[in-house]
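Here the structure is laid out as structure tokens; the discussion comes afterwards.
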Amino acid sequence: MAKTTASRSTKTTKKPAAKTAAPKKPRATSTAAKRPAPKRAKAVVDTQKQIAHVAALYTLEKKATDVKILDVRGITAITDFFIVCSASSDAQVKAIGENVIVKMREDHGLSPWKTEGWDALQWVILDFVDFVVHVFRESAREFYHLERLWADAPTETVEDVPAKKTRTTKKAS
């Protein structure tokens, strides 16, 4: 019996030579990074409060109830103002949230940085960075009670001011 052996061809593959890392250049440091952050001007803060108040008024356009603005500037770095309001149905929560987004975009050129809660419509959050709008179903607002959580914050209640009715008198014929 003759043995046959299969001859394997052995190919040697050369591995690419390891690249030598070039020495890292030191990063250029800017003088702006070393400067302290500028203090906020009072006019800017007043404008932020006015914009937050306008957003609160936009919630009232869709019949939000118990609208409050919480000034959390001295308490947290998350944002400057919380706007908290209630709605009686899922459809109303959605309508209030969409109205604030559309009106802020159209009238002030502001879009929310992030939004949450559109799936369940129990608590919709609209984060505009300088202020955050919280639209709650009434039951969810009672459960979470943000006003108690941020009780140290100065609070302003925003109410819908009804238009003055003008009295018309009939002319005597």
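The values are calculated or read from the model by the stated rules, or taken from the named source; none is laboratory data. All values reported here derive from a predicted model rather than from experimental measurement. Because the Cβ atoms are built from the backbone with ideal geometry, glycine has one as well, and the counts that use them run over all protein chains shown. Areas reflect the complete protein model, heavy atoms only, side chains present, ligands, DNA and RNA absent. Shrake-Rupley method; radii C 1.70, N 1.55, O 1.52, S 1.80 Å.
So the values come out like this:
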| read-out | value |
| --- | --- |
| Scan of the range 99-115 for residues that are surrounded by 12 or more Cβ atoms within 10 Å (Cβ to Cβ) and among the charged types (D, E, K, R), ordered by number | LYS103, ARG105 |
| Pair list, Cβ under 8 Å, 6 or more apart: the range 81-96 residue under 20 Å from ASP152 (Cβ atoms), other residue assigned to a helix (DSSP H, G or I) and open to solvent by less than 10 Å² (accessible area, probe 1.4 Å) | PHE81/ALA52; ILE83/ALA52; ILE83/ALA55; ILE83/ALA56; ILE83/THR59 |
| Which listed residue is within 14 Å of the chain's Cα centre (by Cα), open to solvent by less than 70 Å² (accessible area, probe 1.4 Å) and among the β-branched types (Val, Ile, Thr), from THR59, THR65, THR79 | THR79 |
| Given (1) at positive phi; (2) open to solvent by less than 10 Å² (accessible area, probe 1.4 Å), number of the condition ILE96 does not satisfy | (1) |
| Residue selected from the range 118-152 under the condition open to solvent by 30 Å² or more (accessible area, probe 1.4 Å) and under 15 Å from the mean Cα position of the chain (by Cα), by the criterion farthest from ILE83 (Cα to Cα) | TRP118 |
